[in-house]
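Asks: Supplied in structure tokens, the structure appears directly below.
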Amino acid sequence: MASIPPIADKGRAPTGALPLSGAPVLPAAEWRDYWALLKPRVMTLVVFTGACGLFAAPGHIHPFLAFVAILCIAVGAGAAAAYNQWWEADIDAVMKRTAGRPLPAGRMRSEDALAFANILSVASVVTLGFATNWVAAAWLAFSIFFYAVVYTVWLKPRTPQNIVIGGAAGAFPPIIGWAAVTGDVTALPLLLFAIIFAWTPPHFWALALFVRIDYEKAGIPMLPVTHGIPETRRQILLYSFVLAAVAVAPWALGLLGPVYGVPATLLSLAFVALAGRVARSTTTEARDMAAEKALFKFSLLYLAGIFAVLVADRWAA
Amino acid sequence: MSWSPEEEKAFVARRKRRNLVIGLVLGAFAFLFYGITVSRMVS
């Protein structure tokens, strides 16, 4: 297993653009490197769920302020991702999937990444507060703190439950979007939070199963590494049942109508069926994990579908 | 650290592009706050 610096040294290495993966030293990072620090692909999902929370909320918001709110959610998520990459530069350097990122590749200085994350955090929270209200801004600040500190620093390197509790970090955008319109948080946005919270473990464990070797090399205690492949498959199936129950709950509780309820039920049944395929699979070779790869891909479609029908239901009503 | 002329040229070009983007972002930020002010006054 690759050696990883102790927790106390984290975030201080690399400094001065020392290349961790043998790249040449070029201390002037490109703007593209700063953009990569924001994890723009992850940001897409955050923007989408945040926008859905905003559009589903009762009340009116000026279109420009709605745009600013979504922009602030995106920038806040980018700031959290920048903190994450700043802290995990040494771990990223030993994982094939992440070794090309700006910090481990030596294209950016550690202190520049931290300053960038600080500026984006403050700018996104303050701007959201001025544009909408300070309840939404407080939720955004808490979500950045939760992802950067509770998940990245505290849970991820210590417990195989990292994804379960850390999943909450990605579940805040609908709450922030809702609060930007209403100034408070009611049962429906909390259920939307619960849907993303229950969706995250099976989504990431499906991925972790076929990139298990990478996590093992980096010393990250993901469930397939600590508890083995069969237990991870069992947990995926269990969480898919929880997810299905939570996803149907807004319809069952009368908070949303059949425009949401029927497709949400069908999508959830498909999710459980795919998780069942994963649970029945016995392969241990990543290249043969077709069921896991199918579940991972479908899980992205599932979340997008659930939130799309949520907005459709609210508008239909 | 001493650079070859090619490395120095590449460095200057990267810095110029980065500064241009920073300028654009700051301009957009100013416009954003102007827009927020106007939108809040109207709504």
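Asks: Quick one: what pairs do we get from the stretch A:128-156, first residue assigned to a helix (DSSP H, G or I), second buried (at least 23 other Cβ atoms within 10 Å of the Cβ) and basic (Lys, Arg), C-beta under 9 Å, 6+ apart or different chains?
Replies: That search, which allows pairs on different chains as well, returns nothing.
Asks: Also, quick follow-up: Report, by residue number, each residue of the stretch B:1-22 that is farther than 19 Å from A:Asp33 by Cβ and within 8 Å of another protein chain (Cβ to nearest Cβ).
Replies: Scanning the stretch B:1-22 gives a single hit, B:Met1.
Every residue, every condition in (1) surrounded by fewer than 21 Cβ atoms within 10 Å (Cβ to Cβ); (2) at pLDDT 95 or above; (3) in contact with a strand residue (DSSP E or B) (Cβ under 7 Å, 6 or more places away or on another chain), yes or no:
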| residue | (1), (2), (3) |
| --- | --- |
| A:Leu266 | yes, yes, no |
| A:Leu274 | no, yes, no |
| A:Thr284 | yes, no, no |
| A:Val311 | yes, no, no |
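Asks: Can you pull out every residue in the stretch A:214-228 that is without any contact (Cβ under 8 Å) to a residue 60 or more places away in the chain and surrounded by 19 or more Cβ atoms within 10 Å (Cβ to Cβ)? Break it down stepwise before answering.
Replies: Step one: filter the stretch A:214-228 for residues without any contact (Cβ under 8 Å) to a residue 60 or more places away in the chain, giving A:224, A:228.
Answer for the stretch A:214-228, where residues must be without any contact (Cβ under 8 Å) to a residue 60 or more places away in the chain and surrounded by 19 or more Cβ atoms within 10 Å (Cβ to Cβ): just A:Pro224.
Asks: If you take the residues of the stretch A:123-142 that are surrounded by 24 or more Cβ atoms within 10 Å (Cβ to Cβ) and polar (S, T, N, Q), which of them is farthest from the chain's Cα centre (by Cα)?
Replies: Only one residue fits best here, namely A:Thr132.
Asks: Right, something else. Quick check on my filter: what residues within the stretch B:29-43 are loosely packed, with under 11 Cβ neighbours inside 10 Å and either at pLDDT 90 or above or more than 10 Å from chain A (Cβ to nearest Cβ) (or both)?
Replies: Hits for the stretch B:29-43 are B:Ala30, B:Phe31, B:Tyr34, B:Met41.
Asks: Please state which one of A:Leu238, A:Leu269 is closer than 22 Å to A:Ala308 by Cα and not acidic (Asp, Glu).
Replies: Numbers: A:Leu238 fails: closer than 22 Å to A:Ala308 by Cα.
Among A:Leu238, A:Leu269, only A:Leu269 is closer than 22 Å to A:Ala308 by Cα and not acidic (Asp, Glu).
Asks: If you take the residues in the stretch A:161-178 that are outside any helix (DSSP H, G or I) and crowded, with 21+ Cβ neighbours inside 10 Å, which one is nearest to the chain's Cα centre (by Cα)?
Replies: Within the stretch A:161-178, the first condition is being outside any helix (DSSP H, G or I), and the residues that meet it are A:161, A:171-172.
Next, from what is left, pick out any that are crowded, with 21+ Cβ neighbours inside 10 Å: A:171-172.
Numbers: A:Ala171: 7, A:Phe172: 10 Å.
That would be A:Ala171.
Asks: Name the residues in the stretch A:96-112 that are crowded, with 19+ Cβ neighbours inside 10 Å, away from chain B (no Cβ under 14 Å) and more than 19 Å from the chain's Cα centre (by Cα), would you?
Replies: A:Leu103, A:Pro104, A:Ala105, A:Ser110
Asks: Also, quick follow-up: Count, please, the residues in the stretch B:1-28 that happen to be over 23 Å from the mean Cα position of the chain (by Cα), loosely packed, with under 11 Cβ neighbours inside 10 Å and of a type outside the set (S, T, N, Q).
Replies: 3
Asks: Here's a follow-up. For residues that are part of a helix (DSSP H, G or I), at the interface with chain B (Cβ under 10 Å from one of its Cβ atoms) and in contact with a helix residue (DSSP H, G or I) (Cβ under 7 Å, 6 or more places away or on another chain), tally how many sit in the stretch A:61-91. Before the answer, list the steps.
Replies: Residues of the stretch A:61-91 that are part of a helix (DSSP H, G or I), as a first pass: A:63-87, A:89-91.
Okay, now just the ones that are also at the interface with chain B (Cβ under 10 Å from one of its Cβ atoms), so A:63-68, A:71-72.
Those left that are additionally in contact with a helix residue (DSSP H, G or I) (Cβ under 7 Å, 6 or more places away or on another chain): A:64-66, A:68, A:72.
Within the stretch A:61-91, residues that are part of a helix (DSSP H, G or I), at the interface with chain B (Cβ under 10 Å from one of its Cβ atoms) and in contact with a helix residue (DSSP H, G or I) (Cβ under 7 Å, 6 or more places away or on another chain) number 5.
The values are calculated or read from the model by the stated rules, or taken from the named source; none is laboratory data. Note that the structure is predicted; figures quoted are calculated from it, not measured. Note that we place each Cβ from the backbone using ideal geometry, even for glycine, and neighbour counts take in every protein chain shown.
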